[in-house]
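Here's the structure we're looking at; comments come further down.
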Amino acid sequence: MRSVGIDIGSSTSHLIFSRIVLQRQGARLSSAFVVVDREILHRSPILLTPYSDARTIDTRALGDFVERSYAEAGLAPTDVDTGALIVTGNAALKDNAERIARAIASDAGRFVCATAGPHLESRLAAHGSGAVDRSRSGRTVVNVDIGGGTTKLAIARDGRVLETAALAVGARVVAVDAEGRVTRLEPGAQAAGRAARMRLELGSAVSPADREALAAVLCDALVSVLATRRFAGLALGLLVTEAIELPERID
């Protein structure tokens, strides 16, 4: 079967086209299929997720990118048997996120389609990175997935994800234009700005030194969680899920 995966994230969007081989688990008296082989046919370029304003994804620009990616792969939507479209991070919170997901899925083939909340996204990242597989020997593995708007934590042990959480720590919690003026503020940006002793608002100028200070504050908040095994101070204020207990031993 030909498959496509479309990821629309807070910071970037991209597509990957694959040929997958499915095998029926008949020997186990099951009608279920599992993927036994996968060949990557084409990877799209990575696009900075386009926004028409602070709360709205640019539907036309994103649709054009998806259409170009199909053309570059040498495929039409009718050539694709199945796929998954996932809207992740803060992109899933935008006003038109679900409408975009439905529109692209309806045009692009038979899809599993979801706007992934932070817990699902944490699980996807832990499986995709190999962290869950690394935990199968009884080790405790914490997967840290740093995205554009959020960082997701997943605790895995014995091949299972036990707990997940997310913080408003990411590469584009503050987006700026070519002149260094703020064009978008994601959740948590104001709290991080106060901690870095700067005032952030749409249209205000942010210098390279300001950006470096903001990055340091966000990094310190994340590292403090991993170092102390608890959420406190700024890290507690940046939580976008409930707090979790991190295990004392992390392998």
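The values are calculated or read from the model by the stated rules, or taken from the named source; none is laboratory data. Quantities reported herein were computed from a predicted structural model and do not represent experimental measurements. In this analysis, Cβ positions are derived from the backbone assuming ideal geometry, glycine residues included, and neighbour counts consider all displayed protein chains. Side chains are part of the model used for accessible areas, which takes the heavy atoms of the whole protein and leaves out ligands, DNA and RNA. Shrake-Rupley method; radii C 1.70, N 1.55, O 1.52, S 1.80 Å.
Here are some notes:
- Unmet criterion (only one of (1) surrounded by 16 or more Cβ atoms within 10 Å (Cβ to Cβ); (2) more than 15 Å from the chain's Cα centre (by Cα)) for residue 147: (2)
- Pairs with Cβ under 8 Å, 6+ apart, first in the stretch 226-240 and more than 13 Å from residue 190 (Cα to Cα), second open to solvent by 50 Å² or more (accessible area, probe 1.4 Å) and at pLDDT 95 or above: 226/144
- Test: residue in the stretch 131-143 that is acidic (Asp, Glu), over 18 Å from residue 245 (Cα atoms) and either under 17 Å from the mean Cα position of the chain (by Cα) or part of a strand (DSSP E or B) (or both): no
- Within the option set 122, 106, being hydroxyl-bearing (Ser, Thr, Tyr), modelled with pLDDT under 75 and part of a helix (DSSP H, G or I) holds for one residue only, 106.
- Against the conditions (1) touching a residue at least 12 places away in the same chain (Cβ under 8 Å); (2) surrounded by 14 or more Cβ atoms within 10 Å (Cβ to Cβ); (3) under 30 Å from residue 174 (Cβ atoms), residue 58 satisfies every one except (1).
- Considering the stretch 74-104, the residues that are open to solvent by less than 30 Å² (accessible area, probe 1.4 Å) and among the small types (Gly, Ala, Ser) include one that is farthest from the chain's Cα centre (by Cα), namely 83.
- Of the residues examined, residue 135 is not one that is of a type outside the set (Val, Ile, Thr), touching a strand residue (DSSP E or B) at 6+ places or on another chain (Cβ under 6 Å), farther than 24 Å from residue 52 by Cα and open to solvent by 10 Å² or more (accessible area, probe 1.4 Å).
- Taking the criterion of being of a type in the set (S, T, N, Q) and in a loop (DSSP other than H, G, I, E, B), the residues of the stretch 165-222 that qualify are 204, 207.
- Condition check for residue 32: closer than 25 Å to residue 124 by Cα, hydrophobic (A, V, I, L, M, F, W, C) and free of Cβ contacts under 8 Å to residues at least 12 places away in the same chain: yes
- Filtering the stretch 43-55 to residues that are closer than 15 Å to residue 11 by Cα, open to solvent by less than 30 Å² (accessible area, probe 1.4 Å) and among the polar types (S, T, N, Q) leaves only 49.
- Any hit, the stretch 187-206, residues being within 24 Å of the chain's Cα centre (by Cα), touching a residue at least 24 places away in the same chain (Cβ under 8 Å) and closer than 20 Å to residue 162 by Cβ: no
- Of all residues making up the stretch 152-176, the number that are at pLDDT below 95, open to solvent by less than 20 Å² (accessible area, probe 1.4 Å) and among the β-branched types (Val, Ile, Thr): 2
- Verdict on residue 227 being part of a helix (DSSP H, G or I), under 18 Å from residue 155 (Cβ atoms) and in contact with a Ser or Thr (Cβ under 8 Å, 6 or more places away or on another chain): no
- Residue 197 being open to solvent by 30 Å² or more (accessible area, probe 1.4 Å), on the phi > 0 side of the Ramachandran plot and of a type in the set (Lys, Arg): yes
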